[in-house]
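Trainee: First the structure, which I've put down as structure tokens, then a few questions once you've had a look.
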Amino acid sequence: MRGVDGDGEWRCYSDNHHALWKQKFFSPSRILFPSKMRGTVPHSVALICLSSSAYFLSARYYTGASFERPVHFSIITLLFTGLSLLAYAYYQSRRGHYQSLTVIANHKSSIDVVRPTSTVIKFVRIGLENFRHLHSSFLLILLCIGLRTWLYWAVIRTTQCSRAGLEAFLPLFTIAAEAVGPLLTLSGSQYNGLNQRQAQWSMPSKSQIIFAFLAMVWPLLVISSEEGSIVATGTICPSGWKWERFIPFIQLLIGVLNAAIISHASHLARAAKDDEVEIAPFLSKLSFVAAASILLLSFPSWLSDSEFIMAFRIRALENRDFAIDGFLATIGILCGISLLSSLPPACLALLVSTATFMGSQIPARSVISALPSPSYDELTKHTTLAILVAVPLWYLAIQIHHTEDSGTSRELSKWLIICSSGLALLALETVTRLLFFKHSPMISVDVAIKSLVSEASAQAFAWELQAAVSVSLADAVSEYTKRYGIPPPPNFDKWHEFAKTHHSAVIDHFDQINNDLLPYWGLDAGSIRDLTTRVFEYGSSEMGGMRIRNGSVEQSPYIPGSHRWMAESSQKMIEPFAQWLPDMDIAINLADECRMAVPFNQMEQLKAKARQNRDKVKGLKEEKGWPTSQFSSSPWPKVFPEPKPRAANGGKDAIDPKFTNNVRRPIFYDYVAPSCPPDSAANSRRWWDWSKICVNCISPHSVLTSSGALLANVSLAHNLCHQPDAAYLDGFLNSPSAMIGTTEIFPIFSQARVGGFSDILIPSPWNFDEKSAFKEDGGMMWKDKINGLFWRGSRSDGFSAHGRWPGFLRPRFVHEAYENTLSLQTSGTMSPMSINASFTGEVSKCDGRECAVESEMYEKWGRATIDKHSSHAEASRLPPSVPFEEHWRYRHLMDMDGAGFSGRFLPFLESRSLPYRAAVFRTWYDERLQAWHHYVPADLRLGSGFWSVFEFFSGGSNDKDGQGPDMAKKIAEQGRDWTRKALRKEDMQIYMFRLLLEWGRITHDEREHLGFTV
């Protein structure tokens, strides 16, 4: 009977049972070869490749697309592994006959026992009989692989509830698996009535006890180290008895399953080695069956909603990462298999865990620059301790292994020492960098804010000066030609007179219009007119038609009643200057969301052609007025085309083939990323872990302070090409509630757009119609306002499905507000500031369980805003809606995107309160506003930096010299003054007038000859 080997590894068979196992599961070939996998790589290569594989996979963990899709990654890796083992087995079979471990025991088939009445019954009985005789190791490992894949999938979907570093428990779990291994059977007791095999226990040595103790302590230090290198985004982990709260336990269970796979496979390999049996065919079949089982079990979840399409949509970046990471994982698995029969499982687990920990230091390096000094010191301490404890762990692992005086043992010990030395060098470099090459001291938040405000003021004054350089019409024409390279459009003098009459603060700077319309110069005018007509053909496109004929404005009769107000507001906006416009049709996007994102290469080609066409305007005879509107081809239609009606009774709408319905589907990698340069971060890497800050994503547009990151460059922040993490931190990007979009250029006029989209921006009918306006008689002076941050609103930013709502901006803000409110209430010190933020009304735009979870969470957060004397019934609901004028009672107002841009921002600017704005949507007026001079910008990720800014401006502890409230009041006044000067209803009309003059020229067949001169 086999007991415990000298190296401390359990052998688990009784002699009789082992003989029966050998008889049942050997293939019939009788020519034997030496046992381990013949022709496998040397131990030296296997150890180096295994540790390198774990190291590089860990280094790529946050930026690799493979880890975001664990089911696909597992299937691909299993297929790669199965094919590799199959190729190896085939190669060995060509060298001669050999004995292999079979999946199904040799037994008399059912067909030899009974004669079924039908073929179907015959095959069913054969199948059941074969299943009963499956090798128990095959079933056990298959079950472990499938279960750990699905548990890992659950962890990836809820990383905000997970703990970093728990994989370091793998050596401890492996030791435990080895300890209980003798109680389990490799093949069941059902064969010929044999009982499960007997096992013999032995007292562990002193070295093994110390090793187990250190294997218990080391993960705690690894966890502290890895969590010390994390800056959280505020993504929400549901509270209460939700399954998400048990994610850390699921992570530990995954570690147990990994340990069981390693331990059991190791026993299987050792038994096969003793009996000179080849296990490559066995493991190859296991890999294929595991891949097929995972694929089949995936279908139920993929059949829901957009998940089915997403499951089979694999982009170029994902193909690349699947290939790279699949190759690395396969190499690691194959090397691990080749070591199973010689290396103790605990040593194998320690090697993988140590390499994984060292690999995790690569992404941690980018976070260091964002850590304040106390956090940096804690990270240094815990990382150093984790590395120091790993040294005796490795010493004991090598000592325990090297108990046999054999060539194989000596070789393995030598190369284990070499591998551990290589990891020790990496560790030494890490500790040296942390201890002796500290990042420069961070700037304090108050100094950073003062610097940003000072720079913003200078930039705002400079922008105002250059925005209205010209004094006369002749100056304006000259300035236009100098800035944009062509003469202004016909009737420019009428526009200039209109702008001057209405005292416009901006005469010369309209870069937004120039940039928006540039691509359309790359199309011929007839094509633009055709495309305009086409977008009206489908009711599902939600396009409102506006027509100008002979100086009169008409609305399409097919605009739905719910959006008729938008058309009427647009008509009122255009009518005062319509007489100076040529005939045209305008497709106004009636939805809140933007619609069009043209891929980068296509857009660059359009712009290149556009510049060539614009150059043709130079030097030609120019016209001061509009020539005839009778076009030679593709004229504007005489009547609006009647759109195909929308489906009734919940049916599926007919959609233009050039458009796609993206409701509830992530759109970042289908719309935003393709619009970015090929070498941009959005196209070259991922940051899928929405619970952790991507420092490389925020550093280009942020200032890193000792209290967190501050948004410094708003224009750059609107560019999402360097921010792949934004894909998961905004409702519109991650799960839009309504978005029928296209990746081809169409003349679509929208109220706002996200970075990467190409909609033509127009002033919002909501603002022009004053749907939410500031009324002077309801305002308050700064000194009379409450020194608090106020927000009320609905959870409108995206559709909550598939667990995506925790990353939406509004829930994250309200959650952080709740946490900070609790902190203020429990601090025990008087604070000059307060926070009053909550959702109101019913929770909508969500699926079943999502609605229930959100309602429970929002009610809990809302209770922090309700007076303590409120009744229990009131406290169990969300706070009620408040009159819009309630905002004016507070000095600090939060403004955020919803389904689209926020219509409250302009009245906030007028209100004498200080607006804080977090937005991915860009509007027509953004080029006129200067962050830190007219308002306070907030990064999409919020976090400690945002709350430190609020604390400073409200006179909290960050305001060291007491200037914060005065600076806040000054910014609020500057925003109010500029809004009343440059963002009035008249300014919206001036902008729209100029935009449509430009559009009229672009859509005119004679555009190369059209221009205004003095």
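Quick note: the coordinates plus some simple rules give every number you see, no bench work behind them. Please read these numbers as outputs of a predicted model, since none were measured by experiment. Methodologically, a virtual Cβ is constructed for each residue, glycine included, from the backbone with ideal geometry; neighbour enumeration extends over all protein chains shown.
Trainee: Out of these labelled values of percent of Cα pairs over 53 Å apart, [x] 28; [y] 32; [z] 20, which was calculated from the coordinates shown here?
Mentor: Matching the structure shown: [y].
Trainee: In the chain, if the dipole is taken from +1 on Lys/Arg beta carbons and -1 on Asp/Glu beta carbons about the Cα centre, which of 694, 888, 612 is farthest to the positive end?
Mentor: 694
Trainee: Using only the alpha-carbon atoms of segment 722-812, report the extent along each of the three principal axes, biggest first, to the nearest angstrom.
Mentor: 50, 34, 25
Trainee: Return the loop-located chymotrypsin sites (Phe, Trp or Tyr not before Pro) in segment 431-518 (DSSP other than H, G, I, E, B) with at most 11 other Cβ atoms within 10 Å of their own Cβ; answer none if there are none.
Mentor: For chymotrypsin sites (Phe, Trp or Tyr not before Pro) across segment 431-518 that sit outside H, G, I, E and B with at most 11 neighbouring Cβ atoms in 10 Å, the list reads 437.
Trainee: Scattering from the C-alpha atoms of segment 205-334 alone, worked out with Debye: what is log10 I(q)/I(0) at q = 0.20 1/Å?
Mentor: -1.41
Trainee: What ranking of 543, 988 emerges when the number of other C-beta atoms within 10 Å of each C-beta is taken as an exposure proxy, fewest first?
Mentor: Least to most surrounded, the residues fall as 988, 543.
Trainee: So, in Å, what gap is there between the alpha-carbon centers of segment 936-951 and segment 750-771?
Mentor: Centre-to-centre (Cα) distance: 25 Å.
Trainee: Please report 746, 901 as a ranked list, fewest other C-beta atoms within 10 angstrom at the top and most at the bottom.
Mentor: Ordered from fewest to most neighbouring Cβ atoms within 10 Å, 746, 901 come out as 746, 901.
Trainee: In the chain, with Lys and Arg counted as +1 and Asp and Glu as -1 at Cβ, which of these residues, 176, 634, 662, has the Cα nearest the positive end of the dipole, that is, farthest along it?
Mentor: Result: 176.
Trainee: Continuing with this model, one more query. So how strong a dipole does segment 719-829 carry about its Cα centre when Lys and Arg Cβ are +1 and Asp and Glu Cβ are -1, to the nearest 20 debye?
Mentor: Roughly 260 debye for segment 719-829.
Trainee: I want to verify the translational diffusion coefficient of segment 768-839 in µm²/s; compute it with Stokes-Einstein, Rh as the Kirkwood radius over Cα pairs, at 37 °C and 0.692 mPa s.
Mentor: The estimated diffusion coefficient comes to 218 µm²/s.
Trainee: Still on this structure: Under the definition of Cα pairs under 8 Å and six or more residues apart, what whole-number percent is the relative contact order of the chain?
Mentor: Answer for the chain is 15 percent.
Trainee: Report the Rg/Rh value for segment 883-994, based on alpha-carbon coordinates and the Kirkwood definition of Rh.
Mentor: Here Rg/Rh amounts to 0.98.
Trainee: Once you charge only the Cβ atoms, +1 for Lys and Arg and -1 for Asp and Glu, what is the size of the charge dipole of the chain about its Cα centre, to the nearest 20 debye?
Mentor: Around 2380 debye, computed over the chain.
Trainee: With unit charges on the beta carbon (Lys/Arg positive, Asp/Glu negative), name the residue among 967, 844, 506 whose Cα is farthest towards the positive pole of the charge dipole of the chain.
Mentor: Comparing the listed Cα positions along the dipole, 844 ranks first.
Trainee: Please rank 941, 94, fewest neighbouring Cβ atoms within 10 Å first, as an exposure proxy.
Mentor: Listing 941, 94 from fewest to most nearby Cβ atoms yields 94, 941.
Trainee: Run through the DSSP bridge list for the chain and note the antiparallel percent, rounded to the nearest 5.
Mentor: 45
Trainee: Also, I was wondering about something else. Ranked from highest to lowest mean number of other Cβ atoms within 10 Å per residue, what is the order of the peptides 273-284, 831-842, 777-788?
Mentor: 273-284, 831-842, 777-788
Trainee: Please give the charge dipole size of segment 887-1010, origin at the Cα centre, charges +1 on K and R Cβ atoms and -1 on D and E Cβ atoms. Round to the nearest 20 debye.
Mentor: With only Lys, Arg, Asp and Glu charged at Cβ, the dipole is about 420 debye.
Trainee: Based on DSSP H runs of at least 4 residues, each adding -39500 (n - 2.57), what is the mean residue ellipticity at 222 nm of the chain after dividing by all its residues, to the nearest 500 deg cm²/dmol?
Mentor: -15500 deg cm²/dmol
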